[in-house]
Structures are given as C-alpha cells and as structure tokens.
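The values are calculated or read from the model by the stated rules, or taken from the named source; none is laboratory data. Everything numeric here is computed off the predicted structure, so don't read it as measured data. As a convention, Cβ positions derive from the backbone with ideal geometry for all residues, glycine included, and neighbour counts pool all protein chains shown. Protein only, heavy atoms only, side chains kept; ligands, DNA and RNA dropped before computing areas. Shrake-Rupley method; radii C 1.70, N 1.55, O 1.52, S 1.80 Å.
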Amino acid sequence: MKSDLVFGHPAWIEIDLKQFKKNLDIVKKHSGKAKLCLPVKANAYGHGLVAIAQTAVAWGVDYLGVSCLQEGALLRQAGITIPIIVFGAIHQEQIPELLANDLELTIASGYKAELVANYCKQVNKQCKVHLEIDTGMCRTGVRPETGMSVLDYLNEEPCFEVVGIYSHFATADNPKDAFALEQMRAFQHIIEHAKKSNPSIIAHMANSGALCYYQNSPMDMVRPGLLAYGYFPSGVESGYEGIAPILSLKSTIAYSKIVPKNRGISYGLTYTTPADSRIVTVPVGYGDGYRRALSNKAKVLIRGKAYPIVGNICMDQFMVNAGNDEAFVGDEVVLVGQQGNEKIFLEDVAKFCDTIIYEILCGFNSRLPRVYKE
Ligand SMILES: *Cc1c(COP(=O)(O)O)cnc(C)c1O
C-alpha cells in the first residue's frame, strides 16, 4: 500500500485533490455569481500552501487570501499570478516588499493608508487596496462611523486603486446568531455608500460560517477557508451535500510486541495493561503536531479496526493497544481519515484536544511530508 511512499519520515499527510476540486465546485455553486477567494494562510490550513494554491488557481479561483507578506511572496515565487489579498495588518517595514510582490493590501486605518501612500509616492508606484471595516470583530478595521472618510481619502489619493471593501464575522459559525445579523446590517449600510462613489468595488464578508448559515450576507466575493477544505465550522452540514475532508494522516507500525499484564506504558506510566496485550509503536508525536492531549483518548485504525492510543504521546512516537489482534511492523496506521469501513474524524481529534478543527489542521507541521493524490 505504501511502497510508492518513501520519505525520510514514516508518517505523512495525504491530500485528495479530486475531492478538493469537488469542494470548490460545491462552494461555487452555492455562492452564485460571487468571486471566490480561497484563504490559503497558515500553509493552506496545513494542507500545503503552494500545492493547494496551484490546484485552486488551475481550478479557477479568482483570489487567494494570505495572512502576511511571507505567504504571499512564496506564492509569487511559485509563479502564481492571480490576485492575492493580505488579510493581516500592514507593517511599515514590509511595504516595499508587499508592493514588489504585487500583493493587495488591507487598509485598516487612515494611519496605515498614509504610510502606504508615502511610500508609493516616493517610488512612484500604484497599490491595490481593500478597505477593512470593523463591524464587530474588534480585531482590525476602520470603525463604520469613520469608514466613509477613509474611503474618500483612498479614492482621492491617485496612488491607490481601491478594489475592495470588506468585513469579517465574529460569530458566523453559529447559525441564527443575532450579532452576525447586526454585523451584516452595519456592513450593508457602508457598502451602499461605497458603491455610490465606486460602483465596481468588490464587497466581501462571507467566511465559511456565513456561507453555511448567512447566505444573504453581502457578497461580490466569498472567502470560505474551512468549508473548501471540507469541514463545517459548527459541525452543522447546512445543505452543502458532497463537501468532504481532503486530509488524511497516516503512518506505519514501527515496532510491535507483546506486553504482559500490569505494565505501565510510556512517560509517566499513565496506562497499565489490563491483560497481556499487543502494544504497537507508531512513529508520530506532538513533534509533528499530533497533540499530546490525545494521549489515552484518541484511536487509530489498523487493519480496518479502531484501537486506542495508550500512555502519553511522546514527541516522535506513541503506543497503541491492539489487544489480542495481529498488528505488525509495516502495517498502515490511519490517525485521521478512512481505512476499510472505519473513519477517524478530525472533529473528534479537535474535541479531545478541547479545541477547534482549524487549530489541529494548522498544527500539522512541516516534518510531515504532504502527498497529493489526483
Ligand atoms: C481566515 C479568514 C477567512 C476564512 O475563514 P473560514 O472560517 O476558514 O472560512 C476569511 N476571511 C478572513 C479575513 C480570514 O482571515
């Protein structure tokens, strides 16, 4: 099964690009004429920045969304030429490189706008910008009351090409949330004004939660990250039939042995064998982003059957109790994903860690090779 997978690390992440494109098809179908911006920040939610971006560009997304200069520059170095918006706030010392990489900037204050304008004038350059309105997230963005005056400034300053105006939901992952509706109203009010002076401005607000639960949110463009990667922000499926995760985490058994009854396993000896048991060792640990909080909680699949992780997860390895069953060195182990008829859901992994799917995905780090399947 894994003879074609020879890496320097006996564990890997498999990405199903066919399903990824299907997810994009479904998102597109549900967002009508809106442009599609795919957020690829944080290594494309752990799926691999460049490979995901290249697939998305070939599929036909209109925009890519990144958090910072570094991510945008990597995409440009990979030869990606479509528009890229940087969601994060502008850092003055990065302005030259942001512009050199032809990245579209988020203007979140009049002050930052002036910093960019000063540089643009110095070097006689133009800059594409999106004005961010803070309608309630209180992270970054111009307050709605001052939004129009900053927009007027951007429109009047010849170095700016104002391509978009956007806002971000704080609670759209909750269906029927009153605050989300309030944010929508506040933003709608602003864009009515904005469109008067700039009819072609792209108004965008919808993240995955909004696409699922607030389909009437303003959208000349949508920015669903999690949904495109196959997950629902609140676990509620909400009419997006066919969306499915595209990431699996796999490894192979590195060591297999019988441990007698009443022996403690791993650091701290937090688990004691209730009987003579086959204990196998899997070469994945929190050093890969497979979190220690999963110790004595999560299960993995071997030979199509789920078995518990026993004892504390180490930096590079953990142990599994296969009981009386056969499980030998070289057998495939599925930590996330499907094997035979059994599945390990990332949602459950996140729950065991008392966190959200997003954090688990981003936590899978660069030690795990990514393998892409068409
Ligand atoms: C990350 C991000 C998104 C995507 O959020 P999801 O919940 O993954 O859909 C959209 N917009 C902005 C500004 C973001 O930072």
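Quick notes on this structure:
- Extended-chain gain in nm, criterion 0.36 nm per residue less alpha-carbon gap, SER197 and SER149: 16.1 nm
- Gaussian network model of the chain, Cα within-10 Å springs - most flexible of GLY242, GLY311, GLY363: GLY242
- Under the combined filter of DSSP loop state and at most 12 neighbouring Cβ atoms within 10 Å, the stretch 181-266 retains these trypsin sites (Lys or Arg not before Pro): LYS261.
- When both bridge partners sit in the chain, DSSP labels roughly 55% of those beta bridges antiparallel.
- FRET efficiency, LYS18 to TYR267 (Cβ-Cβ, R0 41 Å, nearest 0.05): 0.55
- Fraction of accessible area attributable to carbon and sulfur, the stretch 83-220 (%, probe 1.4 Å): 50
- Counting every alpha-carbon pair across the stretch 67-188, the share separated by more than 25 Å comes to 27%.
- In this rough spin-label picture, where each label sits 7 Å from Cα along the Cβ direction, the LEU115-ALA293 distance is 3.3 nm.
- Solvent-accessible area, 1.4 Å probe, carbon plus sulfur percent, for the stretch 290-338: 48
- Rounded tilt (10° steps) of 49-59 against the dominant C-alpha axis of the chain: 60
- Taking only the alpha carbons of the stretch 1-144, we obtain Rg and Dmax values of 17.8, 59 Å in that order.
- Calculation over all alpha carbon pairs of the chain in 20 angstrom steps from 0 returns a P(r) of 27, 48, 21, 3 percent.
- 1.4 Å probe accessible area per residue over the chain, in Å²: 44
- Pairwise FRET efficiency - SER366 versus LYS343, Cβ, R0 = 45 Å, nearest 0.05: 0.95
- For a label point 7 Å along the Cα-to-beta-carbon line of ARG303, residues of the stretch 316-350 with backbone N under 12 Å: 322-329, 331-332
- Whole-Hz Karplus values for the stretch 24-37 come out as 5, 4, 5, 4, 4, 4, 7, 10, x, 7, 4, 5, 10, 9 Hz, taken residue by residue from phi with 6.51 cos²θ - 1.76 cosθ + 1.60 and θ = phi - 60°; glycine and proline positions read x.
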